[in-house]
Amino acid sequence: MAAPPPCSSCSCRIRVRKQAPARRALPTVASLVRFLLLLVVSCPPALVSAARGGGGKHAAARAQQTLFRASGDEREAYRRVMARMARMDRDSNMTIQSPDGDVIRCVPSHLQPAFDHPVLRGQKPEDEPVERPMPPKRVGGAAEEEDDEDVFPQAWSDGGKRCPEGTVPIRRTTARDVLRASSARRFGMKARASRARRDSTSSGHEHAVGYVTGDQFYGAKASLNVWSAKVASAAEFSLSQIWVISGSFGNDLNTVEAGWQVSPELYGDSSPRFFTYWTTDAYQETGCYNLHCSGFVQTNNRIAIGAAISPTSVYNGRQFDISLLIWKDPHRGNWWLQLGSTGQLVGYWPSFLFTHLGGHANMVQFGGEVVNSRPSGSHTPTQMGSGHFPREGSNRAAYFRNVQVVDGDNSLVPAAALRLVADHPACYDIQGGYNRAWGNYFYYGGPGRNVHCP
């Protein structure tokens, strides 16, 4: 069911029946309503829903705890997110209700969040690149074949649904999404403790990855299977992705990233979802997931970033994988993202966002990452990949196959000297190899807590 339209003015009133308190009590939902009215200058429908207690008593309690303790900066951050929500609702010309509960807004492409950036304001998305990376050649001169289908099934697009030409599908952010976050100011951002694998040993983030370094890279490609990884806590996530990296691994680290993730805090459920990310300062103050800030420019009207991927792989059964290609347009310098072997372009990260990635990458990384919050002092049981160790192999373990990089000639080449490393092999491991069908590949992942990973 579509949400009610936004309030017609920039303020609104929510009537709350007054009751004479019999005894002193903790703040009530009614007091939360009054606080929310002071918090924002607009009244988007999702906020009205939250104020009326639509998220249940647990959501209301979390909202009270977050908002009553909020600083002025936090309140301003909530106001900005809510205002963006209201604008997306107002600007959309079509709404699609997904069977999994998501609401997809079809927003004119020039009104998506990226165009709030001063450099892009008043412009439109750029045309698709003239040149794309050339695939490697097999022995005998035949181009490498891909066996994946040019389709990217998501729950919202079942039955062939898509947004009209000239618009892009944007998953609607709700007030409850924001209230789940540890901070409104960092809503849609990775924690500052996030790291690429090289310096992750004490951050609570654990990896099992393959990487290449020591050269100039202009992109990366791989196919990876998608799983419904079990995440034990809302404070944790499990993801599988490609990182394209440049910088010194200090505060100047630049990355562009894409893959699938399960993140109950960000999305409110345990579905694997397609995501993008970027940062220019090692996850400190810049960048965001998906379209939560002015950064990634979406050009595709059939793929919703942040929406659930369906179907997923089945243990000892059918495998579902996706092909991801990130590459730098040699003419305009933007970093483009492509899904599938035959070229569905999702969009691009504008080159002006970056310092080091304004030129090239010096490292590319493929693999899995989880957050280990050590509940009750033990290692988390959050799964990476399928939740099974690499030694179980085909149809059981998560994999990356046809692992490639883009060279200075805008050609895809095998990722030579691919190094495999796992932070804690007893919890999440990695094993690789090479064959003609899969090129460079590896299996990775694991169950987390087990008798060898207490």
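The values are calculated or read from the model by the stated rules, or taken from the named source; none is laboratory data. Quantities reported herein were computed from a predicted structural model and do not represent experimental measurements. Neighbour counts run over all protein chains shown; Cβ positions are idealised from the backbone, glycine included. Ligands, DNA and RNA are stripped out before the accessible areas are found, and what is left, the full protein with its side chains, is counted by its heavy atoms. Shrake-Rupley method; radii C 1.70, N 1.55, O 1.52, S 1.80 Å.
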| request: Please indicate, with yes or no, whether at least one residue in the range 382-405 is more than 25 Å from residue 155 (Cα to Cα), within 22 Å of the chain's Cα centre (by Cα), touching a residue at least 24 places away in the same chain (Cβ under 8 Å) and not in a strand (DSSP E or B). | output: no
| field | strands (runs of 3 or more DSSP E) enclosed by the range 257-358 - at least 1 residues per element that are of a type in the set (Lys, Arg) and under 17 Å from the mean Cα position of the chain (by Cα) | value | 273-279
| Mind checking which residues of the range 351-362 are open to solvent by less than 10 Å² (accessible area, probe 1.4 Å) and over 16 Å from residue 331 (Cα atoms)? | 361
| message | Can you tell me which of (1) aromatic (Phe, Trp, Tyr); (2) in contact with a helix residue (DSSP H, G or I) (Cβ under 9 Å, 6 or more places away or on another chain); (3) buried (at least 19 other Cβ atoms within 10 Å of the Cβ) is the one residue 348 doesn't meet? | response | (2)
| How many residues does the range 406-439 contain that are in contact (Cβ under 8 Å) with a residue 60 or more places away in the chain, of a type in the set (Gly, Ala, Ser) and assigned to a loop (DSSP other than H, G, I, E, B)? | 4
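Yes or no, residue by residue, for (1) free of Cβ contacts under 8 Å to residues at least 60 places away in the same chain; (2) open to solvent by less than 10 Å² (accessible area, probe 1.4 Å); (3) farther than 25 Å from residue 162 by Cβ; (4) in contact with a strand residue (DSSP E or B) (Cβ under 8 Å, 6 or more places away or on another chain):
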{"residue": "271", "(1), (2), (3), (4)": "no, no, no, yes"}
{"residue": "275", "(1), (2), (3), (4)": "yes, yes, no, yes"}
{"residue": "280", "(1), (2), (3), (4)": "no, no, yes, yes"}
{"residue": "291", "(1), (2), (3), (4)": "no, no, no, yes"}
{"residue": "295", "(1), (2), (3), (4)": "no, yes, no, yes"}
{"residue": "298", "(1), (2), (3), (4)": "no, yes, no, yes"}
{"residue": "301", "(1), (2), (3), (4)": "no, no, no, yes"}
{"residue": "304", "(1), (2), (3), (4)": "no, yes, no, yes"}
{"residue": "307", "(1), (2), (3), (4)": "no, yes, no, yes"}
| note | Filtering the range 221-250 down to residues that are part of a loop (DSSP other than H, G, I, E, B) and of a type in the set (Phe, Trp, Tyr) yields 227, 237, 249
| If you take the residues in the range 128-186 that are among the polar types (S, T, N, Q) and at pLDDT below 95, which one is surrounded by the fewest Cβ atoms within 10 Å (Cβ to Cβ)? | 182
